[in-house]
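**Student:** Dropping a structure here in structure tokens format, bear with me for questions.
Values quoted throughout were computed directly from the atomic coordinates according to the rules given, and no laboratory measurement underlies them. Everything quoted here is computed from the prediction, not taken from an experiment. Here the Cβ positions follow ideal geometry from the backbone for every residue, glycine too, while neighbour counts run over all protein chains shown.
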């Protein structure tokens, strides 16, 4: 193995685990590169105790002093860009350009966290003569973040900088499929000067997740993953009377109108459906073709043919994922859809044991087909045809999910009409992946998100803190009224 067996990071040091381990595979070639502990509930408890011990010190540290740690952390992310992006590529299978972009997004989120001293300065008002009311954000205590395989560096950094900058201590449970980046993040935070115990990493699977949901010492839980598991985590965590924000899957619709710019639309749709091998909750998985758009579809296929596995298209995460994605394609073809570009059974020369699916474009998909309703999580685009805008909106609105929706048109009026009516939390106009940039927050609707607030941006402040309201009177001689 290229890397030694991983350890949990608890109380500022790596701690050995005497229990079950799982092999970590590189999806690019199928090789085993490390092993990861499948930790139990007792390990979670150890991490909670370490975090609780440090919380009084960290939470009482002035926020501007906490910010100096994250200024240094931001610089360390940049300094170690090459190493961090290569780690992401190795354990997730992305292209190196996608891996670099992931770390760059982590830097952007950290930069936002460094601005929190200005954003969360609190408010004070003299409400009556000699009487002041003050409001300020207070940390919750020990919190937890459960992150997925598709963004080993970025998604942990959706939560780490903001939650810790606001005075909380955290336990991170990364996906057992991509655990190496999490340990490197822990090392960089320690190098940046984060006190021991503020940030802890516990590796594992189902038992670790359930222990996080159940532990009375953990006050909030964030989760990113499938909708099925997001529901389970949300229900279990909130049943223990703790906050939960869980992000699930998606089925993002791109509504393409006949007047859309051909080149821009084709390149955007192709990039959206294939970026990160389609393994992202903002990927375009359904194109709703309105009216006569044959010229756009043909150009889309031409653009998709330029996307080559092993060159500018990475692998999917596992052999099981590859089989599942290809089964969706086969079933759609069996049900009458037309395969315009087929990515099944793809082999990359020299990496024959890697897990690759080529870009796939499927036309004449019916809304009732399985591939039209479920999240495929691969580089696969389904084209659903309809004859007018309202029917297109109806198709989009009927989805259980609600992460993102986009419209491609040169008509400002139609763009506004669709954007106002689409049932999704993030909307794009002539943009294939409408991810908001900081300080705007990331979060969907419907069965793409469970819980209040969003996971990034200003909205995350409310999730990671509670409000303390203080009323003060120092002037006993002041005339009193109902407010004092």
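**Student:** Normalise the Cα radius of gyration of region 392-484 by 2.2 N^0.38 Å (N = residues in it) and let me know the number. Walk me through the intermediate numbers first.
**Tutor:** Working: Rg = 21.4 Å, N = 93, 2.2 N^0.38 = 12.3 Å.
Computed over Cα atoms of region 392-484, the ratio equals 1.74.
**Student:** So, one more: Give me the extension gain from residue 118 to residue 387: residue separation times 0.36 nm, minus the current Cα-Cα distance, reported in nm with one decimal.
**Tutor:** Working: separation 269, 0.36 × 269 = 96.84 nm, distance 5.03 nm.
Taking 0.36 nm per residue and subtracting the Cα distance, the gain is 91.8 nm.
**Student:** Normalising by the residue count of region 281-429, find the relative contact order in percent from Cα pairs under 8 Å and 6+ residues apart.
**Tutor:** Numbers: 218 pairs, mean separation 38.0, N = 149.
Relative contact order here is 26 percent.
**Student:** Beyond 16 Å, what share of the Cα-Cα pairs of region 240-354 remains, rounded to the nearest whole percent? Working shown, then result.
**Tutor:** Details: 4431 of 6555 pairs.
Roughly 68 percent, rounded to a whole number.
**Student:** At each listed q (0.17, 0.19 Å⁻¹), what is the log10 of I(q)/I(0) that the Debye formula gives for region 252-429 modelled as equal alpha-carbon point scatterers?
**Tutor:** Summing over Cα pairs of region 252-429 leads to -1.00, -1.24.
**Student:** Applying a 10 Å radius around every beta-carbon, put 162-170, 463-471 in order of their mean neighbour count, most first. Can you show the working numbers first?
**Tutor:** Details: 162-170: 24.9, 463-471: 15.1.
My ranking of the peptides, most packed first, is 162-170, 463-471.
**Student:** Helix 63-79 versus the longest principal axis of the chain: what angle, 0 to 90°, nearest 10, using Cα atoms?
**Tutor:** 30 degrees
**Student:** To continue, here is another question. Could you pull the Rg and Dmax for region 94-213, using just the Cα atoms, both in Å?
**Tutor:** Gyration radius and largest Cα-Cα distance of region 94-213: 17.5, 63 Å.
**Student:** Given [x] 78, 69, 43; [y] 80, 59, 40; [z] 104, 66, 45, which label gives Cα extents along the principal axes in Å as computed from the coordinates?
**Tutor:** Recomputing Cα extents along the principal axes in Å here picks out [y].
**Student:** Within the chain, what percent of beta bridges assigned by DSSP are antiparallel, to the nearest 5?
**Tutor:** Details: 29 of 68 bridges.
Among the beta bridges of the chain, antiparallel pairing accounts for roughly 45 percent.
**Student:** Obtain the radius of gyration and the Kirkwood radius of region 339-381 from its C-alpha atoms and give Rg over Rh. It would help to have the intermediate numbers written out before the result.
**Tutor:** Numbers: Rg = 12.4 Å, Rh = 11.7 Å.
Across region 339-381, the Cα-based Rg/Rh ratio is 1.06.
**Student:** How do 273-280, 379-386 rank on mean C-beta neighbours within 10 Å, highest first?
**Tutor:** Values: 273-280: 26.2, 379-386: 24.5.
The most tightly packed comes first, giving 273-280, 379-386.
**Student:** Using only Cα atoms, what Kirkwood radius does region 229-299 have, in angstroms? Before the final figure, lay out each step's value.
**Tutor:** Working: mean 1/r = 0.0694 Å⁻¹.
One over the average 1/r among Cα pairs gives 14.4 Å for region 229-299.
**Student:** Give the Cα extents of region 1-79 along the principal axes, in whole Å, largest first.
**Tutor:** Here the spans come out as 47, 35, 15 Å, largest first.
**Student:** Run a plain Debye calculation on region 126-173 (Cα atoms as equal point scatterers, no solvent) and give log10 I(q)/I(0) at q = 0.16 Å⁻¹, rounded to two decimals, same order as the q list.
**Tutor:** For the requested q values the scattering log ratios are -0.54.
**Student:** Then there is this: What is the Rg over Rh value, at two decimals, for region 174-262, using alpha-carbon atoms and the Kirkwood definition of Rh? Display every interim value, and only then the final one.
**Tutor:** Working: Rg = 18.1 Å, Rh = 15.7 Å.
Using only Cα positions, Rg/Rh for region 174-262 is 1.15.
**Student:** Over the chain, what relative contact order in percent results from Cα pairs under 8 Å that are six or more residues apart? Please list the in-between numbers first.
**Tutor:** Working: 1125 pairs, mean separation 87.1, N = 484.
Once divided by the residue count of the chain, the mean separation gives 18 percent.
**Student:** Helix 41-59 versus the longest principal axis of the chain: what is the Cα-based angle in degrees, 0 to 90, to the nearest 10?
**Tutor:** 50 degrees
**Student:** Additional query: Return the FRET efficiency for the residue pair residue 416, residue 295: r is the Cβ-Cβ distance, R0 is 22 Å, and the value is rounded to the nearest 0.05. Each step should come with its number before you reach the end.
**Tutor:** Numbers: r = 25 Å, r/R0 = 1.12.
Efficiency at R0 = 22 Å is approximately 0.35.
**Student:** To continue, here is another question. Output the peptides 213-219, 332-338 sorted from most to least packed, where packing is the average of other Cβ atoms within 10 Å over each peptide's residues.
**Tutor:** Working: 213-219: 18.4, 332-338: 15.0.
In decreasing order of mean packing, 213-219, 332-338 become 213-219, 332-338.
**Student:** Using the number of other C-beta atoms within 10 angstrom as an exposure proxy, rank 344, 134 with the fewest first. Write out the running numbers ahead of the final one.
**Tutor:** Values: 344 16, 134 13.
Fewest-to-most Cβ neighbours within 10 Å comes out as 134, 344.
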